[in-house]
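The values are calculated or read from the model by the stated rules, or taken from the named source; none is laboratory data. Predicted, not measured: the structure shown is a model, and the values here were computed from it. Backbone-built Cβ (ideal geometry, glycine too); neighbour counts: all protein chains shown. The protein model used for the area step is the full one, side chains on, heavy atoms only, and it has no ligands, DNA or RNA in it. Shrake-Rupley method; radii C 1.70, N 1.55, O 1.52, S 1.80 Å.
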Amino acid sequence: MKLDQTLANAITAAGQADLLRFWDTLTEEQQSAFASQLAGVNWQEMPRLIAEYVLQRPKTEIPADLGPAPYFPLKPRNAEEKALYDRARARGAELLRAGKVSCLTVAGGQGTRLGFDGPKGTYPIGPVSGRPLFEYFAESIRRIGAKYGRPLRWYLMTSLLNRAATEEFFRKNSFFGLDPEQVFFFTQGTMPAVGYDGKLLLASKSSLSLSPDGHGGTLLALRKSGALDRMTEDGVEYLSYFQVDNPLVPVADPLFIGLHDLEKSEMSAIMLAKTNPYEKLGNFCVSGGHVSIIEYSDLPAELAERRNADGSLAFIAGSPAIHMISREFVARLTAGGSLKLPWHRADKKIPCIDADGNPVHPTEPNGVKLESFIFDAMPLAERTMVLEGDRKSVFAPTKNPTGVDSVESCRAMLIDRDARRLEAAGVKVPRRADGVVDAKIEVSPLAVADDEDMIDFVRTRGLKEIAPGAELVLD
Ligand code: UTP
């Protein structure tokens, strides 16, 4: 077949005619699949993106008035703030009871650092049972639904590369007890990978090298997939957003939901107090009255190291990627069927084919993947809200197999969180001299979603003490 002439012209005008060098050698079936892939690329935009992000290293402009973003502290500072937090908790609970909140998990990433074969959400993270990441969230969502008397819908973003495997995993596991209707899978967009010479890379003679377009792709994908319409039909106003690799996250926290609502925020965020100036978390900043997140690598050292009079970091607020997002905000941003967020460049080793069609498996980065980030939507919001979270209770990212932000550190944090809840409920938990829990404990998220649940749980089970060295799943 012949490639549609308008499309062929657009590709040529974008300086990418080379992509079609094998066209005449392809079968009709390959040509047709390739043509639909090519039709999905924004050829008008591509030359600008390549010039700005590939052929040069984009520089993040740091505005002269950049300051640290204001936030609500973990503990209220005065009686007035305490009253606000109490009202917010009650409001959050009311919104959950009224079915106004859904959960949103981004699970479209490639999880390259973890090096695990399969979607990251299928990783067996449970410290004792090996329950997968997806199961943690599914059971937490079931528990919150039962607690507030309204099942929550779960929007789960996948990529073209892992959608089928993700859905299959849910089917195989009977949706972890969720009603299949409760889970709304949707697929994010893709971006072509570009070689350092500015030419798009081919994965094969009949296929571009495509990768997921970053978690910023969530917003447009919510519209394109019909998720926004579904939320409107359901009367859902807010999305509780978290990442697939953080099983410690409260999937729907009444205080966070309630403050988001009371503050009339369009996009809110949890912040954590950074442990050092260069901790690898995005920094909450403010400029011209708009809150933004600046990547750790882009914040100048002078600002990263700046201290307040009491010695604390001036730019203390780091982002663990936990948000509340209003449906109407997403609808407004994506109203024209498109959304312009800045792109971020990632230099990667990208398998591809060479000029003659031979496979190349680079050992050094050979090109650029472009991703957009969800937090870049924050400056576009008319109102935002940032709330401090307790790191030990909300953030255990599973990025690497070992070391920092790893499977090991995540499991240790899950055990420690459950131990603290047990202790707060009056159970004696064995700890070593250095304070580390001397047992492997895993409390089912289906039974316990918060400290209050644990008190009931301990009472009904008559739990008094955990034996040193025990390995226990409590459910
Ligand atoms: P990361 O940026 O940590 O990427 O994603 P990753 O894919 O999990 O891991 P690496 O960098 O390849 O090792 C943070 C979160 O955003 C999601 C991921 O699934 C994870 O929940 N994400 C990332 C998407 O949903 N889509 C993307 O295109 C990128």
For the chain, what does the equivalent ellipsoid look like in terms of its semi-axes, each the square root of 5 times an eigenvalue of the Cα gyration tensor, given largest first in whole Å?
40, 26, 23
Residue-by-residue Karplus 3J(HN,Hα) for the stretch 75-81, coefficients 6.51, -1.76, 1.60, Hz, glycine and proline x
9, x, 7, 7, 5, 5, 5
Measure out, as a whole number of angstrom, how far apart the alpha-carbon centroids of the stretch 163-227 and the stretch 138-160 sit.
20 Å
In the stretch 218-316, carbon and sulfur make up what percent of the accessible area (probe 1.4 Å)?
48 percent
Taking Thr12, Thr166 and ranking on accessible area (1.4 Å, protein atoms only), highest first, one gets Thr12, Thr166
In whole Hz and in residue order, list the ³J(HN,Hα) couplings for the stretch 191-196 that follow from phi through the Karplus curve 6.51 cos²θ - 1.76 cosθ + 1.60, θ = phi - 60°; x for Gly and Pro.
10, x, 7, 10, x, 4
Within the set of other residues whose C-beta is less than 13 Å from the C-beta of Gln188, count the net charge using Lys and Arg as +1 and Asp and Glu as -1.
+1
Take Asn358 and Arg230, extend 7 Å from each Cα along the Cα→Cβ direction, and tell me the distance between the two endpoints in nm.
4.7 nm
Unsatisfied cross-links (Cα-Cα over 22 Å) in the set Lys199/Lys399; Lys59/Lys280; Lys120/Lys369; Lys280/Lys369:
Lys199/Lys399
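Hey, can you find the accessible area per residue of the chain for me, probe 1.4 Å, expressed in square angstrom?
On the way: 21520 Å² over 475 residues.
The answer is 45 Å² per residue.
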Positive-pole candidate from Ala447, Leu133, Gly92, dipole of the chain, charges at beta carbon:
Ala447
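Within the set of other residues whose C-beta is less than 11 Å from the C-beta of Ser102, count the net charge using Lys and Arg as +1 and Asp and Glu as -1.
Numbers: positive: Lys100, Arg150, Arg153, Arg230, Arg327; negative: Asp234, Glu237.
Within the 11 Å Cβ shell, the charges total +3.
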Dipole of the stretch 119-182, Cα-centred, from +1 at each Lys and Arg C-beta and -1 at each Asp and Glu C-beta, to the nearest 20 debye?
160 debye
In square angstrom, rounded to the nearest 10, how much accessible surface does Lys369 have for a 1.4 Å probe?
40 Å²
Cut-off under 5 Å, modelled amide H: who pairs with Val443 long-range
Leu474
Given H placed 1.01 Å from N in the peptide plane, which residues other than close sequence neighbours of His344 have an amide H under 5 Å from its amide H?
Glu371, Ser372
Counting only DSSP beta bridges with both residues in the chain, tell me the antiparallel percent, nearest 5.
55 percent
Quick one: what are the phi-derived ³J(HN,Hα) couplings along the stretch 12-29, Karplus 6.51/-1.76/1.60 with θ = phi - 60°, whole Hz, x for glycine and proline?
5, 4, 7, x, 10, 4, 3, 4, 9, 5, 9, 3, 5, 8, 8, 6, 4, 5
